[in-house]
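Data block below; observations after.
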Amino acid sequence: MNQLSPSTVPAHVAIIMDGNGRWANARGLPRAMGHRKGVEAVREAVRTATECGVSYLTLFAFSSENWSRPQSEVSDLMGLLKTFIRRDLAVLHRQNVRIRIIGDRTNLASDILPLLLEAEDTTRNNTGTTLVIAFNYGARDEIARAMQTLAADVVAGRLDPRDITPERIGASLDTAGIPDPDLIIRTSGEERLSNFLLWQGAYAELMFIPDFWPDFSRETFLDALSRYSARERRFGGLQATKTLAVGS
Ligand code: FPP
């Protein structure tokens, strides 16, 4: 394993956790078992991010399109998220992890929203890694909601349309204040973004890893960080750089 230098550790890693169902199928297990095992991989990923000094870790936990899955699977996933917050919140708080939730919060079940708000509230002043949970999240929906806010400001005379800049749009997204992802990882060998961080990921390095999410271990994560450190980022310019300004 290559040594990771703090200067080449990405500030923000975002992960599309894919392949829980296939992991379970390959073992003749119900899909729910894949999701359950996936939560263990979530815990390990958060620990590894904290250990390596990754400042932001965004995990795609439930997309706005996932509601179309069978009702039993949707309720399994909801149950796992609720249990994760109930059981792990104290541990995450002790690890100085701050939790942020992105995604559409309207019309969420009354037993989910208060838990998400509690997780954000309890960890608000923590200064370690920020765990961003994308829940009921879809990038196009996020951008549309931001546009509605900006349009309402224009109609109310609070905003000049000429002030709708990329910075202003970025600051109107759910991820306001969070730097753009440096690295987006997708597991399970699929090579697409599936409506994840489409605006914020404009200059992200993409990494597609063959392992199913439940097999995403500390070693897999360290290897991804090591491979990222060898990438050359140019942001449309000519000179290679390793960093991207917050909000750019
Ligand atoms: C993709 O696998 C995974 C998901 C849709 C959900 C990910 C959720 C978790 C890992 C658990 C809850 C999350 C947290 C943060 C506690 P898939 O079902 O699409 O797999 P497949 O493509 O093999 O069918």
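Listing for the model above:
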quantity	calculated
Arg94 free of Cβ contacts under 8 Å to residues at least 24 places away in the same chain, more than 9 Å from the ligand (Cβ to nearest atom) and either over 18 Å from Thr187 (Cβ atoms) or among the charged types (D, E, K, R) (or both)	yes
Selection status of Phe208, touching a residue at least 40 places away in the same chain (Cβ under 8 Å), within 14 Å of the ligand (Cβ to nearest atom) and of a type outside the set (Val, Ile, Thr)	no
Selection count where residues are touching a residue at least 12 places away in the same chain (Cβ under 8 Å) and surrounded by 14 or more Cβ atoms within 10 Å (Cβ to Cβ), scope region 60-88	15
Qualifying position, being of a type in the set (A, V, I, L, M) and closer than 22 Å to Tyr203 by Cβ, among Leu57, Leu77	Leu57
Selected residue (only one of Val46, Val91 is within 16 Å of Thr129 (Cβ to Cβ), surrounded by fewer than 16 Cβ atoms within 10 Å (Cβ to Cβ) and hydrophobic (A, V, I, L, M, F, W, C))	Val91
Enumeration of residues in region 82-91 that are of a type in the set (A, V, I, L, M, F, W, C) and more than 10 Å from the ligand (Cβ to nearest atom)	Leu89, Ala90, Val91
Residue tally, condition over 22 Å from Leu206 (Cα atoms), touching a Pro at 6+ places or on another chain (Cβ under 7 Å) and near the ligand (Cβ under 7 Å from one of its atoms), over region 14-27	1
Test for Leu108: is it of a type outside the set (Val, Ile, Thr), more than 9 Å from the ligand (Cβ to nearest atom) and at pLDDT below 95	yes
Failed criterion for Ala134 (all others in (1) within 14 Å of the ligand (Cβ to nearest atom); (2) among the small types (Gly, Ala, Ser); (3) over 26 Å from Gly53 (Cβ atoms) hold)	(3)
Residue check for Leu57: out of contact with any Leu (no Cβ under 6 Å at 6 or more places or on another chain), of a type outside the set (Lys, Arg) and either in contact (Cβ under 8 Å) with a residue 24 or more places away in the chain or more than 22 Å from Phe196 (Cα to Cα) (or both)	no
Residue, nearest to the chain's Cα centre (by Cα), within region 28-42, restricted to residues that are aliphatic (A, V, I, L, M) and more than 6 Å from the ligand (Cβ to nearest atom)	Ala41
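The values are calculated or read from the model by the stated rules, or taken from the named source; none is laboratory data. It should be emphasised that the depicted structure is a prediction, and the values quoted were computed from it without experimental measurement. Using ideal geometry, Cβ is built from the backbone for each residue, glycine included, and neighbour counts are taken over all protein chains shown.
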